[in-house]
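Chemist: Okay, here's the structure, questions in a sec.
The values are calculated or read from the model by the stated rules, or taken from the named source; none is laboratory data. All figures in this text were calculated on a predicted structure; none of them were measured in a lab. Glycine also receives a Cβ, built like all others from the backbone with ideal geometry; neighbour counts cover every protein chain displayed. Just so you know, the surface numbers come from the protein's heavy atoms only, side chains and all, with ligands and any DNA or RNA stripped out. Shrake-Rupley method; radii C 1.70, N 1.55, O 1.52, S 1.80 Å.
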Amino acid sequence: MAWYDGAIFYQILPGAVLSTLSGDENSNIKELEEYLPYLKVLGCDGIILGPVFSKNPLQYGTGDFRQIREWLGTEEEFRSFVEDAHGMGIRVVLDVAFPFCDRSFFAFQDLREKGEASPYCDWFLDLDFSKSSPMGDSFSYQSFRNMPEHPLFNLDNEGLRLYLVEQVKHWISAYDIDGLRLAYSEAVDIHFQKSLRYFSSQMKPEFFLLGEQFIGELTRAINTETLQSLANQELYQGLCQAFNEKNFYELAQRIGKNQELTKQMQLFLESPNTHRIATVLEEEKNLWGIYMALFTLPGRPTLYYGGEYALAGKRGEKEGEILAPKFTLSQYKPDAFTSYIAKLAEIHGKNSELQIGEFKEVYLDHRLYAYLRLDGNSAVLTVLNNDSMDQYITLTLPKKASIAFDLMTTEPVELTEEGNIKVFCEAHGGRIIKLK
């Protein structure tokens, strides 16, 4: 089993969590080191960190793929941060965007200077030297989501692909990072993904590649040649619908499509591209149940910074704007909800069933959803209740168990002689029960 198969990830935007960041050079990555012991206690095994190469700490697009930005710190400080994280058993994954750059990128500057004589003409999409750009260039080009400050790369170009792969190899060699989150991965050429997978795995056999979005057949994105994981948009939408509409049927249908791939995908409740889940949910009490689902359904659970404090917030309507409300540890003290998230992470980390176990549905109706995760001779039963009323249910287990206890409280759960289990489930909540 690779390290990422059982990992719990925590996604951080340094520009949002660095308390002293104010557009100058006063902040650096040393402040992020304070998060490491906190994340260890919280139960996280991996940090998704970024963007770190962009001039703007809350946007993607870079002019130099080897320059840790001055607002974050020095290369030596970043190297030290990764070493400290590894010393605590925490892996570091960089969040990067490869489909585009910013205008300061050396190849684009060469293009501006030399025009059609530049050797980098083929590195950019839809160059037209008969037209000028909105930025006053003597040529036009295709930009990311019509933002002229972000020229789009032509990832069909082999020279560009090799150049970008060399940057990744440098990050592995210089900083010993453990993986990449590919922002806007739906725009990343499949051949480039294969090059990334091949060369990164040569340097680090368990180097992790996580995609953000994908349109089309999932097996084309997640396989032995491309990515190891992909953000599960379908389950995210299904979870929101299940708890807002009090209906688990659609969620169950989405899980059943391809269980093996579902286990490999990233399961999340909020991200840079969504509203905060505390804002999405119509009833705040459902936060407890939906987070229990995050840690017990198939997939690799990921927390978005501050989610463990039930922060609210909306992603802006401006194209390309990401969700990055301010959050610094000094402003918050762990509360009951934070402790609940830490307990869920502990349960996930100590029970292999929740990491790699087979998924089996036990009971389904619009308000109650019960399912098993099975690994060998043991299983974990989860019962979710999206209703405003407490529920009491007797479930028939596919295999008779002799021991049953609640993983949150360690209290025993009643088993009948017939092999059934009697479960009480509070409103807007759930139960996680170990079966042996």
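Chemist: For region 142-148, in order, what is each residue's ³J(HN,Hα) by Karplus, 6.51 cos²θ - 1.76 cosθ + 1.60 with θ = phi - 60°, in whole Hz (x at glycine and Pro)?
Modeler: 7, 10, 5, 6, 6, 9, x
Chemist: State the label only: which of (1) 23.0; (2) 25.7; (3) 24.7 corresponds to Kirkwood radius over Cα pairs in Å computed from the shown model?
Modeler: Label (1) holds the value from this structure.
Chemist: From the Cα gyration tensor of region 168-260, with a ≥ b ≥ c the square roots of its eigenvalues, which class applies: rounded if a/c is under 1.5, or else prolate if a/b is larger than b/c, or else oblate? Intermediate values should be presented prior to the final figure.
Modeler: Details: a/c = 2.80, a/b = 2.33, b/c = 1.20.
Taking the square roots of the gyration eigenvalues as a ≥ b ≥ c, region 168-260 is prolate.
Chemist: I've got another one for you. For the Cα atoms of the chain, what angle does the longest principal axis make with the long axis of helix 190-203, in degrees from 0 to 90, nearest 10?
Modeler: 80 degrees
Chemist: Could you grab the relative contact order for the chain? Cα pairs under 8 Å, six or more apart, rounded to a whole percent. Kindly include the intermediate steps, with their values, before the conclusion.
Modeler: Details: 890 pairs, mean separation 56.4, N = 436.
In percent, rounded to a whole number, it is 13.
Chemist: If I compute solvent accessible area with a 1.4 Å probe over the protein chains, what percent of it on region 90-219 is carbon and sulfur?
Modeler: Carbon plus sulfur share of accessible area: 46 percent.
Chemist: Over 22 Å between C-alpha atoms is what I'm after, so list which of K30/K326; K30/K55; K350/K434; K263/K350; K257/K343 land there.
Modeler: Values: K30/K326 18 Å; K30/K55 19 Å; K350/K434 11 Å; K263/K350 17 Å; K257/K343 30 Å.
With Cα atoms farther than 22 Å apart: K257/K343.
Chemist: Using θ = phi - 60° and the Karplus curve 6.51 cos²θ - 1.76 cosθ + 1.60, what whole-Hz ³J(HN,Hα) does each residue of region 329-338 get, with Gly and Pro shown as x?
Modeler: With coefficients 6.51, -1.76 and 1.60, one gets 4, 5, 8, 10, 10, x, 10, 4, 6, 4 Hz.
Chemist: Only Cα pairs under 8 Å and at least 6 apart count here; give the relative contact order of region 189-317 as a rounded whole percent.
Modeler: Relative contact order, region 189-317: 21 percent.
Chemist: What is the projected area of the convex hull of the Cα atoms of region 152-199, averaged over all directions, in nm²?
Modeler: Values: hull surface 13.6 nm².
It is 3.4 nm².
Chemist: So what are the ³J(HN,Hα) numbers for region 225-240, from phi and the Karplus equation (6.51, -1.76, 1.60; θ = phi - 60°), rounded to whole Hz, Gly and Pro as x?
Modeler: Working through the residues one at a time gives 10, 10, 9, 8, 7, 8, 4, 8, 5, 5, 6, 4, 5, x, 5, 4 Hz.
Chemist: Tell me which residues come under 5 Å, amide H to amide H, from F100 once H is placed; ignore anything under 5 positions away on its chain.
Modeler: Here the answer is F153, since their amide H atoms fall under 5 Å of that of F100.
Chemist: Any idea of the accessible area per residue across region 282-340, 1.4 Å probe, to the nearest Å²?
Modeler: I get 44 Å² per residue for this part.
Chemist: Something else: Only bridges whose two residues both fall in the chain count here: according to DSSP, what percent of them are antiparallel, nearest 5?
Modeler: 55 percent
Chemist: Can you tell me the 0 to 90 degree angle between the C-alpha axis of helix 158-175 and the longest principal axis of the chain, rounded to 10?
Modeler: Tilt of helix 158-175: around 60 degrees.
Chemist: May I ask you to derive the FRET efficiency for M1 and M135 from their Cβ-Cβ distance with R0 = 60 Å, giving the value to the nearest 0.05?
Modeler: The formula returns an efficiency of 0.75 here.
Chemist: Could you list which residues have their amide H under 5 Å from that of L209, counting only those 5 or more apart in sequence or on another chain, with H placed in the peptide plane?
Modeler: So L209 has HN proximity to L180, Q228, S229.
Chemist: Using the heavy atoms of the protein chains alone and a 1.4 angstrom probe, what is the accessible area of region 117-156 per residue in square angstrom?
Modeler: Result: 52 Å² per residue.
Chemist: Quick one: grab the alpha carbon gyration tensor of region 229-308, order the square roots of its eigenvalues as a ≥ b ≥ c, and give me rounded if a/c is under 1.5, else prolate or oblate depending on whether a/b is larger than b/c.
Modeler: oblate
Chemist: While we're on this one: Highest mean first, what order results for 399-405, 61-67, 41-47 on Cβ atoms within 10 Å? Provide the component values of the computation, followed by the final result.
Modeler: Values: 399-405: 13.4, 61-67: 17.7, 41-47: 21.7.
Those peptides, ordered most packed to least, come out 41-47, 61-67, 399-405.
Chemist: Okay, moving on. Taking H placed 1.01 Å from N in the peptide plane, check which residues at least 5 places from I47 or on another chain put their amide H under 5 Å from its amide H.
Modeler: Those lying under 5 Å, H to H, from I47 are Y10, R91, V92, V93.
Chemist: Any chance you could run the full-extension gain for Q259 through A342? It's 0.36 nm times the residue separation minus the Cα-Cα distance, nm to one decimal.
Modeler: Roughly 27.3 nm would be gained on extension.
Chemist: How large, in percent, is the carbon and sulfur part of the accessible surface of region 270-373 at a probe radius of 1.4 Å?
Modeler: After summing per-atom areas, the C and S share lands at 48 percent.
Chemist: Once both axes come from the Cα atoms, what is the angle between helix 75-87 and the longest principal axis of the chain, in degrees from 0 to 90, rounded to 10?
Modeler: Once rounded, one gets 20 degrees.
Chemist: Quickly work out the T219-to-E414 label distance, labels modelled 7 Å from Cα along the C-beta direction, and quote it in nm with one decimal.
Modeler: Taking the simple label geometry, E414 and T219 are separated by 4.7 nm.
Chemist: Evaluate the charge dipole of the chain about its Cα centre and quote only its size in Debye, nearest 20, assuming +1 on the Cβ of each Lys and Arg and -1 on the Cβ of each Asp and Glu.
Modeler: Its charge dipole is roughly 720 debye.
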